[in-house]
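**Student:** The structure follows.
The values are calculated or read from the model by the stated rules, or taken from the named source; none is laboratory data. Note that the structure is predicted; figures quoted are calculated from it, not measured. Positions of Cβ are backbone-derived with ideal geometry, glycine not excepted, and every protein chain shown enters the neighbour counts.
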Amino acid sequence: MLDIMWLEYKHDPSLNKTPYRIAKMMVNETCVWLYSKAPRISVFNNTWNYDWMVLVKNMAVKSICEHHFQPFVGVCHIAYIPGDKIIWISKLSRIVDYFSRRPQVQERLTTDIFNFLKAKLLTDDIAIYIKAEHFCMKIRWVNEHKSETLTTKLWWVFMEDWKVRQEFYEIIK
């Protein structure tokens, strides 16, 4: 019975070029930034001396689990307190997209975004929070349909000052 079903699928015209389509999607879309240089991100002098939290939340995360090559999708929230430099908020979304589009674990994604921002903004006052659903948990035998994975990287004032940390978590609720 299985042999007959396999033969039917083997000759199904709609599956004929599926391996090619999958490979093309992985190279051109899903993992597009894997072999590319990081995007040029300009930072600017903080001429306004703004020293309160800047937070962009709910930026899309679309990535691939490096263990099972299943997608994980979710949101990323980024906050920072400017020192001498600021970044246009649209660039934060570009950074999340750049680091998301490659096979990885969520912990590395969180750390990569943090380290990139730290180097660009020349500040330690950064908080990253990623919440994602992992399809390797949803469609494999684990069958965890409602699970979410949360990763954070909070540094300096976000770790040291509980009021700042609490404000960050309240805003992203």
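**Student:** Is it the case that some residue within segment 95-104 is closer than 23 Å to Ser147 by Cα, in contact with a strand residue (DSSP E or B) (Cβ under 9 Å, 6 or more places away or on another chain) and part of a strand (DSSP E or B)?
**Tutor:** yes
The rows are residues; the columns are (1) small (Gly, Ala, Ser); (2) surrounded by fewer than 16 Cβ atoms within 10 Å (Cβ to Cβ); (3) in contact (Cβ under 8 Å) with a residue 40 or more places away in the chain.
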position: Glu107; (1), (2), (3): no, yes, yes
position: Thr123; (1), (2), (3): no, no, yes
position: Ala127; (1), (2), (3): yes, no, yes
position: Ala132; (1), (2), (3): yes, no, yes
position: Cys136; (1), (2), (3): no, no, yes
position: Val142; (1), (2), (3): no, yes, no
position: Glu148; (1), (2), (3): no, yes, yes
position: Glu160; (1), (2), (3): no, yes, no
position: Glu170; (1), (2), (3): no, yes, no
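Yes or no, residue by residue, for (1) within 15 Å of Trp155 (Cβ to Cβ); (2) more than 11 Å from the chain's Cα centre (by Cα); (3) not hydroxyl-bearing (Ser, Thr, Tyr):
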position	(1), (2), (3)
Trp88	no, yes, yes
Ser93	no, no, no
Asp97	no, no, yes
Arg102	no, no, yes
Asp112	yes, no, yes
Ala119	yes, yes, yes
Thr123	yes, yes, no
Met137	no, yes, yes
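**Student:** Quickly run through segment 146-160 and pick out the residues that are over 20 Å from the mean Cα position of the chain (by Cα) and part of a loop (DSSP other than H, G, I, E, B).
**Tutor:** The answer is Trp156, and nothing else.
Residue by residue, here is whether (1) modelled with pLDDT of 90 or more; (2) within 27 Å of Phe135 (Cβ to Cβ); (3) buried (at least 16 other Cβ atoms within 10 Å of the Cβ); (4) among the hydroxyl-bearing types (Ser, Thr, Tyr) holds:
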site: Tyr9; (1), (2), (3), (4): no, yes, no, yes
site: Met25; (1), (2), (3), (4): no, yes, no, no
site: Tyr35; (1), (2), (3), (4): no, yes, no, yes
site: Ser42; (1), (2), (3), (4): yes, no, no, yes
site: Trp48; (1), (2), (3), (4): yes, no, no, no
site: Cys76; (1), (2), (3), (4): yes, yes, yes, no
site: Asp84; (1), (2), (3), (4): yes, no, no, no
site: Tyr98; (1), (2), (3), (4): yes, yes, yes, yes
